[in-house]
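The next block holds one structure in the form of structure tokens; read it before the comments.
The values are calculated or read from the model by the stated rules, or taken from the named source; none is laboratory data. Computed from a predicted structure; not experimentally measured. A quick note on method: Cβ atoms are made from the backbone with ideal geometry, for glycine too, and the neighbour counts reach across all protein chains shown.
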Amino acid sequence: MGNYFWVALGGALGSMARYALGSATVAISMTVPWGTIIINILGSFVIGWFATLSSHDSRLAISQEARLFVMVGICGGFTTFSSFSLQNFALIRSEQWLPAIANIVVSVIACLAAVALGHWVAERFGIPTLPGR
């Protein structure tokens, strides 16, 4: 039952952060949903960074509950793939093909790059691994 609590708490915090950032970016969204793109890139960076810092061969002693709290809860509540899909569906239904394609391509490539960057930052500037691992 404890794992569900940590996922729920992280999810609530991540969802509130998503709402706050999404609301702050509404003015710049125009046709392409930039708020969703920014949220997904940030969430991808955080999950890549945290997964690397808290991996089994890291010096950072992270409990399973803490990993669930951040990676499933906060990142899951913060990132917005369902919103991303709905927004693209709406763009396609209204025959706004270029914004839909741009959103899909930018989001997928930028989020994969953000996970890789988060991993790289954690390896280079995070807590080093223990000797012999």
Matching residues in the stretch 44-92 - criterion: being of a type in the set (Ser, Thr, Tyr) and closer than 18 Å to TRP34 by Cβ: SER44, THR79, THR80, SER82, SER83, SER85
Residue count, the stretch 45-64, condition in contact (Cβ under 8 Å) with a residue 60 or more places away in the chain and buried (at least 16 other Cβ atoms within 10 Å of the Cβ), comes to 10
For the stretch 58-72, what are the residues that are modelled with pLDDT under 95 and either aromatic (Phe, Trp, Tyr) or under 18 Å from GLY22 (Cα atoms) (or both)? none
Residue satisfying all of: in the stretch 74-93; touching a residue at least 24 places away in the same chain (Cβ under 8 Å) and of a type in the set (Gly, Ala, Ser); surrounded by the most Cβ atoms within 10 Å (Cβ to Cβ) among these: GLY77
Scanning the stretch 55-105 for residues that are among the aliphatic types (A, V, I, L, M), within 16 Å of the chain's Cα centre (by Cα) and closer than 20 Å to LEU13 by Cβ gives LEU68, VAL70, MET71, VAL72, ILE74
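So, GLY118, is that one assigned to a helix (DSSP H, G or I), under 10 Å from the mean Cα position of the chain (by Cα) and more than 16 Å from GLY10 (Cα to Cα) or not?
no
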